[in-house]
Each structure stands twice: as structure tokens, then as C-alpha cells.
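Data first, discussion second: the structure below is written as C-alpha cells.
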Amino acid sequence: MDVKAPRGTQDILPSESEKWQYVEKVLTNLCRTFNYKEIRTPIFEHTELFQRGVGDTTDIVQKEMYTFKDKGDRSITLRPEGTASVVRAYVQNKLYGLPTQPSKLFYFGPMFRYERPQQGRMRQFVQFGVEALGSADPAIDAEVMALAMNSYQQLGLQSLKLVINSLGDDASREAHRNALMEHFEPYRTALCNDCQIRLNQNPLRVLDCKDDRNHPAMKNAPSILDYLNDYSSTYFEEVKGYLDQMGIPYVIDKNLVRGLDYYNHTAFEIMSDAEGFGAITTLSGGGRYNGLVADLGGPETPGIGFALSVERLLMALEAEGITLPIDQKLDCYLVALGEEAQKEAVRLTYQLRKAGIQVDKDYMDRKFKAQFKAADRLHAKYVIVLGEEELQDKIVNVKHMKSGIQKEVPVNELVDYLNKELQGGNEHD
Ligand code: HAM
């Protein structure tokens, strides 16, 4: 049997998973400071949710979904993103009825897209995202962008660029749509097959086509910013004003359209300009989606959010040479000598663990010296030695590895002793 993990997926081994845990901890704490609460939704949903939510004409829905029939003959899809699911949950659970509006939610979880794998593009990847539902205040657009930028800055990243655009409201989009159709019509046959269809269905999608990116007609395509009506352009001005007030730098890219259909008004992406980051420079993206809640059966409710993938975040950390401050040390390792001491070691290890002390012992029948080596490999801060003599005297020998200082400690005082030592006592490293 030669079964490997499917293409575009990865195993996250212990040396890496500690980084993931650290990142999750920092981002969860960031959400706490911004007052976003966690929501967990299913990994699969009815296919229709994404067809309607993400949009029938998007690449995600047309080409990238993991869709299958379950045994009840229902069409099920592994979620390609989190927003549609969160909005579904918001509607289904009537979160709009709660007095605490806007509903500010965050999530972590695996997403699935059948894309051509390359560095930073996986078929299963983990998104961290936030959604703020129920407010059309431009200040919350700025809040979400601030949170997005902080997600990276808190981890030490610096080579970041916040790129923003406005996609306007329905009326502005309609005017822009007509202008795009008119603009691209003469070039129709020179565009890729997909774009010829997009031109009829959703000409905005032509602007983010990977194949036609360098077509000359792209350069002077009508910009949405020239079609914003008063409400939309005032809204955009206010969003920018709040970013200025918070001191968050940004650049405007009038060609930024995003690959999902639900967006209107604010759209943004965060890029890495770190050297060596690779071909894909987008770290995260988001925007406003004022029609989505109603489209999915809820009351007319505005919303905005963003998502990043942890995979690309870790790549960016590597590109900027940032090492996360992960404590890889083990508090204690218990070295036991002799048959009786080994037995006592099982009891003592368990007693320490129950007291919340991190401790491990030998299970490989190692000799005394080899047990010390094992303790070293695990970067044990303290080694507790238990031999026949110590067993008789009901003591152990505790060695602080860094200083080499040893101390005899009565077994019944060991928990207290270690707790004192570990909690800011003598353990300064
Ligand atoms: P998205 O731009 O499709 O937006 O994805 C957001 C982020 O997910 C990307 O910027 C990228 O970091 C990551 N990502 C996407 N596809 C992959 C992949 N195949 N491999 C690795 N990372 C990937 C959304 O998903 C929206 N739901 C964001 C949002 C939330 N908008 C409003 N609220």
C-alpha cells in the first residue's frame, strides 16, 4: 500500500503545530481586544448555499468546489470559504434579533478549493476570518481592516501593504457593469473562453481573469471609482477618513474587484512585499457585502469581513525571518534507577501532572545516562532523580539543568517546591 496525503493537503507535524497553536492564540486574543466572539459552523453545507452566496459565476463555484452527493442524494459541498456559512448561521439562528448588534464574529477552520496547488495555494487550507453583521457604519469597515492588519503586525510582520477599493452600491455597479460590457465588446473574440461568458454574465469577473490579465484592453478598462454615485463615494471617503485617523496607511487600487460575487462598497486585500515571499503576494482579503444576508433569506442587513489563511501567514513570517517565541522546553524529566524506583516514578509523574506540572519520564528502558540524554533532548528545565537510596529516604534529587544546582527535596514537598521554582522562582531563561 502506498497511500499518500491527497495533492494540495499537508500534515502539520508537532514541530509546526506549535506555531499554529501560537498563531491561533495571538489571533484569538486579538479578537478579544476588538470584541469579536467565536463562531463554529459545519465543514460541509448544502451546495446551494455557496452557489447563491459566493455566486454562480465565480471561479470558486464553477471550478473549485468539492461537491458530492451524500447517501441521501443531497448535494453537499465542503466549504470553500467561511462567509456564506457564517451568514447562514446568523440567519438560521436569528442572531439579528439579539440586542448586541452588530454581531461581531470570528472563526478558524479548514476550507477546501480544488485549485492547482503551488506554494501558498492548497486544496485544504485554514482560514481565520471575521464577520461584522448589522452595521453600515464606515467606521466598522475601518475596524475590520485594522483588525486584519493587526493580525499580522501582532506577530511581527512589517512588509505589509493594505490595498483598498470601492465596488459601490447596486446602482453604481450597474452603471459600471454596462460600461465594462461596452468597453470589452469589441475585444470579445480576443478574450479567453471563460471571459466571453463572463462578459455576458458578470463582466466584473473579466477584470480578475488570470489568463487575460495582460490583454491591452485591461489597462484602460472603466474604473468603478468613476461610476460611484454620491452615497457610494461619500461612504468610501469616510472609510478612508477613519483609516487616516487610526494612522493605517493604504493604497487605492481601482482594479481590485475580489473573486467573490457578494461584495459591494469596500473591498480590500493585504499583500506582502517581503522579498522571497513568492509569486502569490496576497495574504488576505475581505470587504463589505450588504446584500448577502437578505440573499440568504434573512432581513436586509449590512455586513463586512475578511479572511486570511494561516498557511500564507506562516510563509510571510518565514519570508521576513521571524521566529515565533515558542517555549519548546519541558518543565521536568524524571530519571529513575532500579525496578522499585521505576514503579514509584509512575506514581510520582502522575502526581506531578495532576498538580499541573509538565513532566515526562522514560518508557524505553534506558540506562541512567541515556535517561539524562533524553531529558536534554527534550530541553528539560529540571531533572528529578530517583534512585534506590532516594526511594528509601523518601526524597528526590532535583537538578536545575541550566545552573547545575542540585537539591534534595522530600517527596511530599516536591509539588510545592517545583511550583515555586517554575512560577518565576529560580527559572529565568
Ligand atoms: P478569499 O480572497 O477567497 O476571500 O480568501 C481569503 C484568503 O484566504 C486569501 O487571501 C488567502 O490568504 C486565503 N486563501 C484562499 N484560497 C487559498 C488557497 N487555495 N490556499 C491557501 N490560502 C488560500 C474569502 O474567502 C472571503 N470569505 C473573505 C471575506 C470574509 N470576505 C468577507 N468576509
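The values are calculated or read from the model by the stated rules, or taken from the named source; none is laboratory data. Not measured: the values here are computed from a predicted model. Glycine gets a Cβ as well: all are built from the backbone with ideal geometry, and neighbour counts include every protein chain shown. Heads up: the accessible areas ignore ligands, DNA and RNA and are worked out on the full protein's heavy atoms, side chains in. Shrake-Rupley method; radii C 1.70, N 1.55, O 1.52, S 1.80 Å.
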| task | Go through (1) surrounded by 14 or more Cβ atoms within 10 Å (Cβ to Cβ); (2) over 17 Å from Glu131 (Cα atoms) one by one and return the number of the condition Val54 breaks. | result | (2)
| message | Can you pull out every residue in the range 17-39 that is out of contact with any helix residue (DSSP H, G or I) (no Cβ under 9 Å at 6 or more places or on another chain), open to solvent by 50 Å² or more (accessible area, probe 1.4 Å) and closer than 16 Å to Val126 by Cβ? | response | Glu18, Gln21, Tyr22, Lys25, Thr28
| request: List every residue pair whose Cβ atoms sit under 6 Å apart, with the two residues 6 or more apart in sequence or on different chains, where the first one lies in the range 119-140 and is more than 10 Å from Ser309 (Cβ to Cβ) and at pLDDT 95 or above and the second, anywhere, is part of a strand (DSSP E or B) and of a type in the set (Lys, Arg). | output: Ala132/Lys104
| query | Counting only residues that are open to solvent by 30 Å² or more (accessible area, probe 1.4 Å) and more than 9 Å from the ligand (Cβ to nearest atom), how many does the range 119-158 have? | reply | 11
| query | Taking the range 269-287, which residues are more than 15 Å from the chain's Cα centre (by Cα), on the phi < 0 side of the Ramachandran plot and open to solvent by less than 10 Å² (accessible area, probe 1.4 Å)? | reply | Ser272, Phe277
| said: Any residue that is in a loop (DSSP other than H, G, I, E, B), open to solvent by less than 50 Å² (accessible area, probe 1.4 Å), more than 14 Å from the ligand (Cβ to nearest atom) and not charged (D, E, K, R) - is there at least one of those in the range 69-78? | reply: yes
| field | Boolean, Lys354 is surrounded by fewer than 19 Cβ atoms within 10 Å (Cβ to Cβ), more than 35 Å from the chain's Cα centre (by Cα) and farther than 30 Å from Gln10 by Cα | value | no
| request: Out of Tyr90, Tyr66, report the one residue that is within 16 Å of the ligand (Cβ to nearest atom), more than 23 Å from Gly291 (Cβ to Cβ) and either open to solvent by less than 90 Å² (accessible area, probe 1.4 Å) or hydroxyl-bearing (Ser, Thr, Tyr) (or both). | output: Tyr66
| request: Among the residues of the range 392-404, count how many are open to solvent by less than 60 Å² (accessible area, probe 1.4 Å) and more than 50 Å from the chain's Cα centre (by Cα). | output: 0
| message | Under 6 Å between Cβ atoms, which residue pairs at least 6 apart in sequence (or on different chains) link something in the range 87-108 that is polar (S, T, N, Q) with a partner that is in a strand (DSSP E or B) and buried (at least 20 other Cβ atoms within 10 Å of the Cβ)? | response | Ser103/Leu133
| Where a residue in the range 59-80 is in contact (Cβ under 8 Å) with a residue 40 or more places away in the chain and its partner, wherever it lies, is open to solvent by less than 100 Å² (accessible area, probe 1.4 Å) and among the basic types (Lys, Arg), with Cβ under 7 Å and at least six apart | Ile60/Arg113; Glu64/Arg113
| query | Got a sec? Which of Ala370, Ala294 is more than 15 Å from the ligand (Cβ to nearest atom), open to solvent by 10 Å² or more (accessible area, probe 1.4 Å), within 30 Å of Tyr90 (Cα to Cα) and out of contact with any helix residue (DSSP H, G or I) (no Cβ under 7 Å at 6 or more places or on another chain)? | reply | Ala294
| Do you know which residues across the range 321-340 are over 30 Å from Gln158 (Cα atoms) and either open to solvent by 70 Å² or more (accessible area, probe 1.4 Å) or modelled with pLDDT of 95 or more (or both)? | Leu330, Asp331, Cys332, Tyr333, Leu334, Val335, Ala336, Leu337, Glu339, Glu340
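Only one residue in Lys373, Lys381, Lys354 is of a type in the set (Lys, Arg) and in contact (Cβ under 8 Å) with a residue 40 or more places away in the chain, so which one is that?
Values: Lys373 fails: in contact (Cβ under 8 Å) with a residue 40 or more places away in the chain; Lys354 fails: in contact (Cβ under 8 Å) with a residue 40 or more places away in the chain.
Exactly one of Lys373, Lys381, Lys354 is of a type in the set (Lys, Arg) and in contact (Cβ under 8 Å) with a residue 40 or more places away in the chain, namely Lys381.
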| Which numbered condition Asp2 fails, given (1) of a type in the set (D, E, K, R); (2) more than 28 Å from Asp137 (Cβ to Cβ); (3) touching a residue at least 24 places away in the same chain (Cβ under 8 Å); (4) part of a loop (DSSP other than H, G, I, E, B) | (3)
| said: For the range 231-262, give me the residue count where each residue is free of Cβ contacts under 8 Å to residues at least 12 places away in the same chain and either within 25 Å of the chain's Cα centre (by Cα) or over 21 Å from Ala136 (Cα atoms) (or both). | reply: 1
